[in-house]
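One structure is given here, and the rest of the page talks about it.
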Protein chains: 2
Amino acid sequence: MISSKMQGLVDNNSVIRQMFEEGLKMAEQFGKENVYDFSLGNPNVPAPQKVRTTIERLLREEDPTDLHGYMSNAGFPSVRKKIADSLNRRFDTDFKEDNILMTVGAAGGLNCALKALLDPGDEVITFAPFFLEYKNYVANYDGKLIAIKPDTKTFQPDIDELERAVTKKTKAVIINNPNNPTGVIYTEETIKRIAHVLYKKQEEYKTTIFIISDEPYRELVYTGASVPYITKYYKNTIVGYSFSKTLSLPGERIGYLVLPDEAEDYERLFQALTIANRILGFVNAPSLMQKVVAECIDEKADIGYYSKNRDLLYDALKEYGYECIRPEGAFYMFIKSPVEDEKDFVAKAKEHHILLVPGSSFMCPGYVRLAYCVSYETCLNSLPGFKKLAEELEI
Amino acid sequence: MISSKMQGLVDNNSVIRQMFEEGLKMAEQFGKENVYDFSLGNPNVPAPQKVRTTIERLLREEDPTDLHGYMSNAGFPSVRKKIADSLNRRFDTDFKEDNILMTVGAAGGLNCALKALLDPGDEVITFAPFFLEYKNYVANYDGKLIAIKPDTKTFQPDIDELERAVTKKTKAVIINNPNNPTGVIYTEETIKRIAHVLYKKQEEYKTTIFIISDEPYRELVYTGASVPYITKYYKNTIVGYSFSKTLSLPGERIGYLVLPDEAEDYERLFQALTIANRILGFVNAPSLMQKVVAECIDEKADIGYYSKNRDLLYDALKEYGYECIRPEGAFYMFIKSPVEDEKDFVAKAKEHHILLVPGSSFMCPGYVRLAYCVSYETCLNSLPGFKKLAEELEI
C-alpha cells in the first residue's frame, strides 16, 4: 500500500537516524552522562548569544505580519542582499540578491537543485565517502547516483575516476567541502582539476554539467585551513549552505542556495529553483529565522570548542593504536575499523556506550564516523571505553 | 538544461504568486494604501500576543541546543503529545503522540503523504475548485490528479461523479475543508457520502484508498458552522494541518499530519511519512516553532476580524450586483465573473488597483477568488473600485 520506492526505505531506515533514536533511549536508560553518542551532527555548542538577542529585538521591532508572513518564495530580498554582501566581502565574489535563494536548510536546497535539474535517468556523480542521503535526494527525481570509490590515502576526490565516470547523461557532480564524514578539505588543486575535467567533458559531449557544492561546514575549519569558493573556478555551480552548524541551528532548517550569474541559462534556472522551493512544499525558508541569520551573518560557533575535542580524541585514539584521519574541518573524524567488518566494531563500541556510525553508511566500509560536536566531557569520559575497546580488539 | 518537468512550470509560473509579486511592485508604485491586494492567503491579522511571549519565554528557559537542535524526524514527542491531547479534547478523538507528525506547513505535510503513498501512474482525485498546487504536489511523485467538476449550485463535492471517477488506480482523494477558494464547508452529510463511496470501492477493487484532508482553515469558521473531524468517518485518512492561518504564521512553515491507528498498515505508513519528511529535505519541522505552537494550541486568530471583512464585502458586492457565495469558513470569497472570461474581469479589476485571482487557477473558470485576510480599511477602500467596475461592466 505504501509506494514501492518507500518500501525499501521503511525496511531499511537510516542507520544514523536509528542510532540517534537509540542514543536517546540509551541516555534514558543509563543516564545521559554515561552514553557517548558520537552518532549525529547535532551541534552541542549553543547558538551564539546574538541569535537570542536578535530574535528578541525582531519581536519588539517588527510587525508580526511581516516577521511571520509570506514573502517571495526565494526569500526576503533584504535578507538575500545581506547574504550576498557577506559572501562578496569574505570571498571576493560579486553576488547580488538575485543570486541567493533562501532554503529549508541545505537538505531543502539540494532537493530544489536536483528537482530543477534532473530528468529521469540523469546521472549525478559524487565521491565516496559521502552523506548517504544524497542517494535518496537524487532518487527523489529519478536520477541515478554514481559513487566514485574513495582514495583512502588522502580522501581527496579521485579525479581520474571522475573523468572516466562522466557520461552524456551526467547532469551534476555533488561535492561536500569540508567533507562529512572525513573532515578533509578538498584543496584548491582538487577543485581546479574537477573544474578542468568538467569543462572538457561539457565541450566533448555538448552538455551542461553542474557542480552542486554542499557546504554546511564552510566556516568550521581549523588553523590555517581555507575552503576555496567554488563559483570562482567553475561557472555552472550551485552552492548549498546551511546555518545548522555555523550558528548551531540545525533544527530550525535555514540555509540558502547560491547560483552565480555566469551559470548557463541563469535566469530560467533561478526561476526553476524558486518554483521547486514552492512546489516541493517548502514554500519558503522559515521567515523569522531568515531575518535572524541575516543579522548574525558574521557570527560563528566557537571553533575552539570543536578544535579542543578534535585534539583530545585524535591524540588519544592514535595513542591507543587506532588509525584515523586528522580532521581539517567540520566536526567528524573518520577512523579505520580495527576489525574487518566495521559493523562489528560499531557493535563492540556500543557495549562501552560509545555510539559511532559505520562507514558503509557513507559508502566506505572498513571505517567508522565519529561526530565530535558533543561536550568536552563526553569526549573525555569516552576515552577509557576506547582504550578498553582497543585492548579487547588487541590493536 | 532545466528538467523537462520544470520547463512548463517556468514558462507558466503560478498566477497567484505572480500576482503577489506584482502586488508588491504596485504597492511600491502607487502606495500600499492605494492597492487592494486580495490575491494571497497571507493573513493580515497579527499572530496572537502569546506567540511572542512564548518565544521570549522559551529563549529564556530552554537550552539553546535543545530549542534549536535536531529531534526525531517526526518532531518533539512532547509537542506531538500536546497536539494529540488538544485534538482529543476538541473533537472527541483518541490520538497519541505517535499519530502526529510535525511538518513544514501543510504543503510539506501533503508532500510527505503523497511521497509515502504514490507509485507512478497512481490516481489522486480532488474536487474543483481546488488549490492548484495539488496538481504539482501529485506530479512530484508521478501521480495523476483527476479533478471532478464543480457543482456550482452548492460547491459541495459531487459524490456521484466521485463514484464514477474512482478506479483501481485511485490511491487517494484530496479534500480541503473549509474550502479554498470558495469558503464553503463540506457538510457532515458530504463527508459520510464520500466515506461510503470509498469504503464500497475499496471493497470492490480490493484496494486501499486514502482521504488526504487538507485543513489549514479548520479553526476559521463563522457563526454556528463546524467542520466534521474526518478520521471519525473514514479509517484511511491522513489529515494535514497548518498553523499558518489560525496563528497567522504562514512564513514560519509549521504544521502537522495526523494518521490514526485505524489506518491500514498504520505502523509502516507512519514510518514512511517520517522518512519522507527526512528524505524530501524537510528533515523536521522548524524546532522553535514546534514548541511555540504546542504552547499556543488553544490560541486562535481573531475570527471577528475576518467576519467583519466578509460581511462588509459580501453585502456591498451583492448590492453592486455581483453574484457571490457567502463564505462559512476560511477567508476567501468566490465571485462569479460578470464577464465570460474571468481573466478579463481580473484585468479590469486591476485597473482599479484591485487584485483578484482567476478561477481558472482553481480549475473553475468563470469565477474569481477574493482573499479578504487583509485590513478592514483595504476592504472598505476597495468598494468604490468594485462599484465603478460594476458600472463599467453594466451588471
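Every read-out reported here was derived from the displayed coordinates using simple, explicitly stated rules and does not represent laboratory data. If you're wondering where the values come from, they're calculated on a predicted model, not measured in any experiment. Ideal geometry is used to build each Cβ from the backbone, glycine not excepted, and the neighbour counts take in all protein chains shown.
Compute the signed sum of charges (Lys and Arg +1, Asp and Glu -1) over the other residues within less than 10 Å, Cβ to Cβ, of residue B:67. Working shown, then result.
On the way: positive: A:52, B:291; negative: A:252, B:61, B:62, B:63, B:66.
After counting each charged neighbour, the total is -3.
Per DSSP H run of n ≥ 4, the term is -39500 (n - 2.57); total these for chain A, divide by its residue number, and report the mean residue ellipticity at 222 nm rounded to 500 deg cm²/dmol. All intermediate terms of the calculation are to be shown ahead of the outcome.
Values: 14 runs with 170 residues, N = 395.
Calculated at 222 nm, the ellipticity per residue is -13500 deg cm²/dmol.
Residue by residue through the range A:165-173, what is 3J(HN,Hα) from phi via Karplus (6.51 cos²θ - 1.76 cosθ + 1.60, θ = phi - 60°)? Round to whole Hz and write x for glycine and proline.
In residue order, the calculated couplings are 7, 5, 10, 4, 8, 5, 9, 7, 10 Hz.
Name the nearest-to-axis residue of chain B, judged by Cβ distance to the rotation axis taking chain B onto chain A, and quote that distance in whole Å.
Axis relating chain B to chain A; nearest Cβ residue and distance: B:286, 2.
If you take every DSSP beta bridge fully contained in the range A:186-289, what fraction is antiparallel? Give it as a percent rounded to 5. Please report the intermediate quantities before stating the final value.
Numbers: 4 of 8 bridges.
Within the range A:186-289, antiparallel bridges account for around 50 percent of the total.
Give the long-range amide H neighbours of residue A:37: residues separated by 5 or more places, or on another chain, with amide H under 5 Å away, using H modelled in the peptide plane at 1.01 Å from N.
Amide H neighbours of residue A:37, under 5 Å, 5+ apart: A:355.
Please list 3J(HN,Hα) in residue order for the range B:234-245, calculated via the Karplus relation 6.51 cos²θ - 1.76 cosθ + 1.60 where θ = phi - 60°; whole Hz, with x for glycine and proline.
8, 5, 7, 10, 10, 9, x, 10, 9, 8, 3, 8
Per the Cauchy relation, a quarter of the hull surface: what is the mean projected area of the convex hull of the alpha carbons in the range B:1-52, in nm²? Working shown, then result.
On the way: hull surface 25.0 nm².
Mean orientational projected area (the range B:1-52, Cα hull): 6.3 nm².
To test your reading of the geometry: what angle, between 0 and 90 degrees and rounded to tens, separates the Cα axis of helix A:342-351 from the longest principal axis of chain A?
That helix lies at roughly 60 degrees to the long axis.
Output the 0 to 90 degree angle, nearest 10, between the alpha-carbon long axis of helix A:15-30 and the longest principal axis computed from the alpha carbons of chain A.
50
Counting only other chains, what is the mean number of Cβ atoms within 10 angstrom of the Cβ of each residue in peptide A:242-252?
Counting other chains' Cβ atoms within 10 Å and averaging over A:242-252 gives 5.
Apply the Karplus curve 6.51 cos²θ - 1.76 cosθ + 1.60, θ = phi - 60°, to the phi angles in the range B:123-134 and return the couplings in whole Hz, x for Gly and Pro.
Taking θ as phi minus 60°, the curve returns 9, 10, 9, 9, 10, 6, x, 8, 4, 5, 4, 3 Hz for the range B:123-134.
Can you tell me the relative contact order of chain A? Whole percent, Cα pairs under 8 Å, sequence separation 6 or more. All intermediate terms of the calculation are to be shown ahead of the outcome.
Working: 749 pairs, mean separation 92.2, N = 395.
Relative contact order for chain A comes out at 23 percent.
Every other copy gets compared here: list the nm distances from the residue B:7 label point (7 Å along Cα to Cβ) to its counterparts, shortest first, one decimal.
Taking the point 7 Å beyond Cα along Cα→Cβ, the inter-copy spacings are 3.3 nm.
Would you grab the residues whose amide H sits under 5 Å from the one on residue A:146? Only those 5+ places off in sequence or on another chain, please, with H modelled 1.01 Å from N.
Result for residue A:146 returns A:124, A:125, A:126.
Volume per residue, Å³, of the convex hull around the alpha-carbon atoms of chain A? Working shown, then result.
Working: hull volume 59.1 nm³, N = 395.
That works out to 150 Å³ per residue.
Please compute the alpha carbon radius of gyration of the range B:1-158, then divide it by the globular-protein estimate 2.2 N^0.38 Å. Two decimals is fine. Mind showing how you got there, number by number?
Working: Rg = 20.7 Å, N = 158, 2.2 N^0.38 = 15.1 Å.
Compared with the compact-globule rule of thumb, the range B:1-158 sits at 1.37.
Go through B:5/B:291; A:308/A:343; A:32/B:81; A:149/A:206; B:115/B:206; A:96/B:5 and tell me which ones have a Cα-Cα distance over 32 Å in this structure.
On the way: B:5/B:291 37 Å; A:308/A:343 28 Å; A:32/B:81 23 Å; A:149/A:206 26 Å; B:115/B:206 22 Å; A:96/B:5 28 Å.
Table pairs above 32 Å Cα-Cα are B:5/B:291.
Convex hull over the alpha-carbon atoms of the range A:284-340: what's its volume per residue in Å³?
It comes to 119 Å³ per residue, whole-number rounded.
Any idea what the residue A:264 label distances to the other copies are, label 7 Å down the Cα→Cβ vector, nm, shortest first?
4.6
Report the antiparallel proportion of the DSSP beta bridges in chain A as a percent, rounded to a multiple of 5. Before the final figure, lay out the partial values.
Numbers: 17 of 37 bridges.
Bridges in chain A that DSSP calls antiparallel: roughly 45 percent.
For each of A:159, A:194, count neighbouring Cβ atoms within 10 Å of the residue's Cβ, then give the residues from fewest to most. Please report the intermediate quantities before stating the final value.
Details: A:159 18, A:194 23.
Taking fewest neighbouring Cβ atoms as first place, the list is A:159, A:194.
Report, in cubic angstrom per residue, the convex hull volume of the C-alpha atoms of the range A:214-353. Spell out each step's value before the answer.
Working: hull volume 25.6 nm³, N = 140.
Hull volume over Cα atoms, normalised by residue count, gives 183 Å³.
How far is it, in nm, from the label point at residue B:86 to the one at residue B:33 when both lie 7 Å from their Cα along the line to the Cβ?
3.6
Using the 2.2 N^0.38 Å rule of thumb for compact globular proteins, work out how the range A:240-318 stacks up: its C-alpha Rg over that value, please.
Working: Rg = 17.5 Å, N = 79, 2.2 N^0.38 = 11.6 Å.
Cα-based Rg divided by the globular estimate yields 1.51.
With no solvent and one point on each alpha carbon, what is the Debye value of log10 I(q)/I(0) for the range B:148-266 at q = 0.22 Å⁻¹?
Taking Cα atoms of the range B:148-266 as identical point scatterers yields -1.34.
May I have the extent of the alpha carbons of the range B:298-395 along their three principal axes, as whole Å values ordered from largest to smallest?
Its Cα atoms span 44, 29, 20 Å along the three principal axes.
Give the share of C-alpha pairs in each 5 angstrom bin for the range A:105-175, from 0 to the last occupied bin, in whole percents, shortest bins first.
Distribution as computed: 4, 18, 29, 23, 16, 9, 2, 0 percent.
Relative to the other copies, what are the label-point distances for residue A:98, with labels 7 Å from Cα along the C-beta vector, expressed in nm at one decimal and sorted shortest first?
Values, ascending and in nm: 5.3.
Rank-order A:105-114, A:303-312 by packing density, defined as the average count of other C-beta atoms within 10 Å over each peptide's residues, highest first.
Values: A:105-114: 28.2, A:303-312: 17.4.
Highest-to-lowest ranking by the protection proxy: A:105-114, A:303-312.
Quick one: in the protein assembly as shown, what % of C-alpha pairs are over 33 Å apart?
Numbers: 163394 of 311655 pairs.
So the pairs more than 33 Å apart make up 52 percent of the total in the protein assembly as shown.
Arranged by the count of other C-beta atoms within 10 angstrom, fewest first, what order do B:45, B:339 take? Walk me through the intermediate numbers first.
On the way: B:45 22, B:339 14.
Starting with the residue having the fewest Cβ neighbours, the order is B:339, B:45.
What angle do you read, to the nearest 10 degrees and between 0 and 90, between the alpha-carbon axis of helix A:376-392 and the longest principal axis of chain A?
Helix A:376-392 sits roughly 50 degrees off the main axis of chain A.
Can you classify the range B:63-131 as rounded, prolate or oblate using the Cα gyration tensor, where a ≥ b ≥ c are the square roots of its eigenvalues, rounded means a/c under 1.5, and otherwise it's prolate if a/b beats b/c and oblate if not?
On the way: a/c = 2.42, a/b = 1.50, b/c = 1.61.
Note, shape of the range B:63-131 comes out oblate.
Under 5 Å between amide H atoms, partner at least 5 residues away or on a different chain: which partners does residue A:256 have, H built in plane at 1.01 Å?
A:103, A:241, A:242
Listing B:185, A:148 from the residue with the fewest other Cβ atoms within 10 Å to the one with the most, what is the order?
On the way: B:185 24, A:148 20.
Ascending Cβ contact count within 10 Å gives the list A:148, B:185.
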